[in-house]
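The values are calculated or read from the model by the stated rules, or taken from the named source; none is laboratory data. Predicted, not measured: the structure shown is a model, and the values here were computed from it. Don't worry about glycine lacking a Cβ; one is built from the backbone with ideal geometry, like all the others, and counts go over all protein chains shown. Accessible surface is based on the protein model in full, side chains and every heavy atom, while ligands, DNA and RNA are left aside. Shrake-Rupley method; radii C 1.70, N 1.55, O 1.52, S 1.80 Å.
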Amino acid sequence: MEKTVTINGMKCDGCVNIVKENFEKIAGVQSASVDLEKKSASVMSDREISNDELQNSLSETKFTVA
């Protein structure tokens, strides 16, 4: 399954890496790609991932899932 969401708060490549690493720690996520210019992230997973799960993985960061 693929899911794409908007990420608020990203300003640099370091931000991209933080979001990617946190999303890839979620159980069932096979890969994540983050686009700074589009302020979006795509997640490939073997199950449905909710926006709440994505947001929870970013709970200790300044980023939010829109």
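Data overview
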| quantity | calculated |
| --- | --- |
| Student exercise, the chain dipole from Lys, Arg, Asp, Glu Cβ charges, in Debye to nearest 20 | 200 |
| Positive-end residue, the chain charge dipole about Cα centroid, Cβ charges, pick of 31, 55, 15 | 15 |
| Cut-off 11 Å between beta-carbons: net charge of the residues surrounding residue 42, Lys and Arg +1, Asp and Glu -1 | +1 |
| Per residue accessible area in Å² of the chain, where ligands, DNA and RNA are left out and the probe is 1.4 Å | 61 |
| Carbon/sulfur fraction of accessible area - the chain, other protein chains in place, 1.4 Å, % | 46 |
| For the stretch 27-39, Karplus couplings with θ = phi - 60° (6.51, -1.76, 1.60), whole Hz, Gly/Pro x | 4, x, 7, 8, 7, 9, 10, 10, 10, 5, 4, 8, 6 |
| The chain shape via C-alpha gyration tensor axes, a/c threshold 1.5 | prolate |
